Structure formats: structure tokens, C-alpha cells
Amino acid sequence: MKELQTILVVDDDKSIAELLRDFLENDGFHVETAYDAIQALAVLKQGTIHCIILDIMMPGMNGFELCRQIRIESNVPILFLSARSDDVDKIRGLALGGDDYIVKTASPGEIVARVKAVLRRSSSHQELKRRVLDYGRLTLDLSTREVFVGGRPISLTPKEYDLLLLFAEHPKYVFSYDQLLEKFWSGIGDKHTIRVHLSRLREKIEADPNDPQFIVNVWGIGYRFKGE
């Protein structure tokens with residue numbers, strides 16, 4: 001029997017948390033709920049969590065602070081849930097390590113679909129044969145989703161890894177902003193969303209993020225992987 005994937009819903013509004021629990025359980029997920037950051041951290045210590053839906057505006061430690069705390073030890077996919085739709089919060093959430101940003105006006109069905117999408121991306125490595133992409137200073141082990149820079153392992157979020165893998169598997173191919181948005185954010189977002197993620201990725205893989213040697217800009221179009 002296939003093990004259920006566990007989703008942690010963190011929201012101080014219990015009615016929202018319970019509504020999401022109902023929809024997720026109806027779709028075959030196991031769901032844990034927490035109504036503040038302290039409860040969420042306790043749940044994370046108790047067992048495996050496959051994805052977190054995280055409210056931003058909570059009393060005490062807010063969602064941004066909790067995300068920062070989680071990212072110290074875990075790359076579990078995090079989807080921010082917020083009543084605010086402005087770009088400032090969105091960019092901040094993505095920069096802190098969030099994998100998606102959902103406005104609370106979204107339907108529960110859309111939220112479930114976004115959860116499934118991020119889980120598919122984070123678990124796709126199970127379908128890959130053992131393969132290593134070696135670009136000298138940068139190496140990707142596709143069977144374990146491990147990335148090495150200069151022989152040393154680095155920690156990437158699921159979305160950072162998937163972005164890097166797309167580029168590394170298609171060296172010199174130019175990916176437009178629209179293509180990247182459609183593939184990784186279901187067409188929702190803008191250039192800022194992509195720039196934030198790639199900026200964070202470059203900081204981890206480039207010797208000099210201001211003079212990238214792997215993922216380079218193609219001005220006015222998008223990005224490509226040099227692969228040299």
C-alpha cells in the first residue's frame with residue numbers, strides 16, 4: 001500500500017486550516033495542522049513532512065521568520081499563503097526559500113493543485129536513472145538530487161534544484177521568462193519571481209554571482225546555461 005504524503009498546514013485561522021485539511025485529505029493526503037510557529041516546529045520534529053502550506057501573518061513568529069528557521073535544517077517544499085498579493089511580500093517569500101506564493105483568494109482546489117505540482121517536482125528524481133552531469137566545477141547527481149560545487153555538496157531547495165537541472169540538461173538553450181514561468185509557476189508571476197530564484201541559485205553555484213559562468217542572462221529574452 002502506497003504511503004500517504006503528509007502536508008503540514010500552518011495558519012492561525014483555524015477555519016482556513018480545517019478547510020484546507022478537508023480538501024487535501026479528500027485528495028488522498030495525510031494532513032497535520034498547526035496554528036502558530038511553535039506548534040509547527042513541534043510537528044516537524046515528530047515525523048516526515050512532504051510539503052508545508054505556510055501562512056505569513058501569524059502572532060509571534062510570522063511565516064517569513066518560520067521559513068527562515070526551517071531552511072536552516074530542511075529543504076521541504078514551502079508554499080506561502082497570504083491575504084496580500086503585492087510583489088514585496090511575494091519576492092521576500094521566494095527569497096527566503098519559498099517554492100510558491102498563493103493568495104488566500106485562491107480556491108482550495110487551486111491550492112491543492114499547486115501542492116501537487118511542487119510535490120511532483122520535488123519527487124521527480126525517483127523516476128530518473130542514475131546519471132551525473134559534470135560541468136567541471138559544477139556536478140549534478142540526478143539519482144540523488146545532489147549538487148556539488150568544487151567537490152563540495154551544496155544545499156538547494158526543490159525549486160532551485162529543478163531550475164538548475166532544466167538548464168544543465170539543455171546547455172546553451174535559451175529559456176524565455178514566459179517558458180520558465182509556465183513550467184515552474186503555472187504561468188503565474190513575473191520576471192521578478194524568476195530573478196529572485198536565479199539570484200539565490202547563483203549565490204550557491206557561482207564563484208562570483210555578479211559575473212556568472214553557468215547561468216547567464218540573454219538580455220531581453222531570458223537565460224541560458226553555458227555548459228562549457
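Values quoted throughout were computed directly from the atomic coordinates according to the rules given, and no laboratory measurement underlies them. Not measured: the values here are computed from a predicted model. With ideal geometry, Cβ positions are generated from the backbone for all residues, glycine too; neighbour counts draw on all protein chains shown.
When every alpha-carbon pair in region 1-100 is counted, what percent end up more than 18 Å apart? Cα-Cα pairs of region 1-100 separated by over 18 Å account for 43 percent. Averaging the sequence gap over all C-alpha pairs within less than 8 Å and six or more residues apart, then dividing by the number of residues, gives the chain a relative contact order of 13 percent.
Ratio of Rg to Rh for region 131-228: 0.93 [Cα atoms; Kirkwood radius as inverse mean 1/r over pairs].
As I understand it, the value is the acute angle between the Cα axis of helix 37-46 and the longest principal axis of the Cα atoms of the chain; what does it come to in degrees, rounded to 10? Result, in degrees: 70.
Placing unit charges on the Cβ atoms of the charged side chains and taking the dipole of the chain about its Cα centre, the candidate lying farthest along the positive direction among Ser122, Gly187, His170 is His170.
Helix 158-169 axis versus longest C-alpha principal axis of the chain: approximately 20°, rounded to the nearest ten. Calculate how steeply helix 191-205 sits against the longest principal axis of the alpha-carbon atoms of the chain, using the helix alpha-carbon long axis, and give the answer as 0 to 90 degrees to the nearest 10. So the inclination is approximately 70 degrees. In terms of its alpha-carbon gyration tensor, region 60-116 comes out oblate; a/c meets the 1.5 threshold, while b/c is at least as large as a/b.
Based on C-alpha pairs under 8 angstrom that are at least 6 apart in sequence, region 65-113 has a relative contact order of 41 percent.
Across Gln179, Gln46, Gln213, mean-square fluctuation computed from a Gaussian network of the chain (C-alpha pairs under 10 Å connected) peaks at Gln46. Calculation over all alpha carbon pairs of the chain in 5 angstrom steps from 0 returns a P(r) of 1, 6, 14, 18, 19, 16, 12, 8, 4, 1, 0 percent. Quick check on region 1-59: take the gyration tensor over C-alpha atoms, sort the square-rooted eigenvalues as a ≥ b ≥ c, and tell me if it's rounded (a/c under 1.5), prolate or oblate. Oblate, since a/c reaches 1.5 and b/c is not below a/b. The phi torsions of region 103-117, fed into the Karplus equation with coefficients 6.51, -1.76 and 1.60 and a -60° offset, translate into couplings of 7, 5, 6, 5, 6, x, x, 5, 4, 4, 5, 5, 4, 4, 5 Hz, rounded to whole numbers, with Gly and Pro shown as x.
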